[in-house]
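Asker: Here it is: the structure, laid out below.
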Amino acid sequence: MDFFDVISSRRAVNHFDSHRDVPDALLRQVVEMAASTPSSFNLQPWSLMVLREKEEKLRLQKEAMGQAKVSEAPVTLIVLADTRGWADECPFVERNFSEMMKAGAMKESQRGWFSKARTNLYGTSDASQVAFATKNTGFFAMALMLSARSVGLHTHPMDGFSMEGVKKAFHIPDHYWIPLLLSVGYFNDEKELAEPKWRKTYDDIVVRF
Ligand SMILES: Cc1cc2nc3c(=O)[nH]c(=O)nc-3n(C[C@H](O)[C@H](O)[C@H](O)COP(=O)(O)O)c2cc1C
């Protein structure tokens, strides 16, 4: 599939073939393709919970307005955005710094500067921490949807769920935000795909103030 086919055939499909599984290796390929997503300082503040078991998906569905696709799809992902993914205590921050040192992009003497820069940019308020986590994770989620489509899978993003309910039901620590749930699988060919939705044009999108 070329890129135009990938982007134009991605739809939020409502019906998944619950008899057709997504093999682990294929899911791994999709996630690793999406991992090339850019992020602030390359901090990559995203994580995924992968739900395959019926019981787990039904538990999630209960917190997601009963949306049937959550349990119909062979895989539903809880997409997590780490609001502390910029902070010194986050293990990936240390990993990030040592990788940058290895690559010659940072020196040990810049550790303090780097910590201050992250704190000033992302850590000054709850809103800035949520913005940091969700904007980066949103890009990752989009890459997941396109990567999935490029290997023949369909997806459905959802924000129709109770974040507090999902966190409680799956013991998710407080510092995570959940920008979306993402069902992944094959479209159920016995159902009809809804007509493509309207989109804003270039002229609608471009503004000046
Ligand atoms: C962040 C996000 C949250 C969404 N939440 C839901 C949802 O909870 N339930 C649902 O049926 N569709 C949901 N959608 C799907 C949108 O309605 C759909 O993407 C939009 O209408 C455009 O249709 P298309 O993706 O098929 O082009 C969501 C989409 C996004 C990006």
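FYI, it's all coordinate maths here, none of it is from the lab. Just so you know, these numbers come straight off a predicted model, no measurement behind them. Ideal geometry is used to build each Cβ from the backbone, glycine not excepted, and the neighbour counts take in all protein chains shown.
Asker: Please report Trp46, Trp113 as a ranked list, fewest other C-beta atoms within 10 angstrom at the top and most at the bottom. Don't skip to the end; give the middle numbers.
Answerer: Values: Trp46 26, Trp113 11.
Least crowded to most crowded, the residues run Trp113, Trp46.
Asker: If you take the beta carbon distance between Phe209 and Ser40 as r and set R0 to 22 Å, what does 1/(1 + (r/R0)^6) give as a FRET efficiency, to the nearest 0.05?
Answerer: 0.30
Asker: Can you tell me what share of the DSSP beta bridges in the chain is antiparallel? A percent to the nearest 5 is fine.
Answerer: 95
Asker: Pop the C-beta distance of Lys197 and Arg52 into the FRET formula with R0 = 35 Å and round what comes out to the nearest 0.05.
Answerer: Values: r = 29 Å, r/R0 = 0.84.
Approximately 0.75, to the nearest 0.05.
Asker: Let me ask something additional. What is the extension gain from Lys102 to Lys168, computed as 0.36 nm multiplied by their sequence separation minus the C-alpha to C-alpha distance, in nm to one decimal? Write down the numbers at each step before the final one.
Answerer: Details: separation 66, 0.36 × 66 = 23.76 nm, distance 3.94 nm.
Full extension from Lys102 to Lys168 adds 19.8 nm.
Asker: Right, here's the next one. So for Lys200, Lys135, fewest C-beta neighbours within 10 Å to most, what's the order? Intermediate values should be presented prior to the final figure.
Answerer: Details: Lys200 8, Lys135 14.
By the 10 Å Cβ count, ascending, the order reads Lys200, Lys135.
Asker: What is the order of Phe187, Phe161, Phe3, fewest Cβ neighbours within 10 Å to most?
Answerer: Phe3, Phe187, Phe161
Asker: Right, next: Straight-line reach from Lys168: which lysines fall under 19 Å, measuring Cα to Cα and dropping same-chain residues less than 8 apart?
Answerer: The qualifying lysines are Lys54, Lys57, Lys62.
Asker: What's the extension gain from Asp126 to Ser8 if we count 0.36 nm per residue and subtract their Cα-Cα distance?
Answerer: Full extension from Asp126 to Ser8 adds 38.9 nm.
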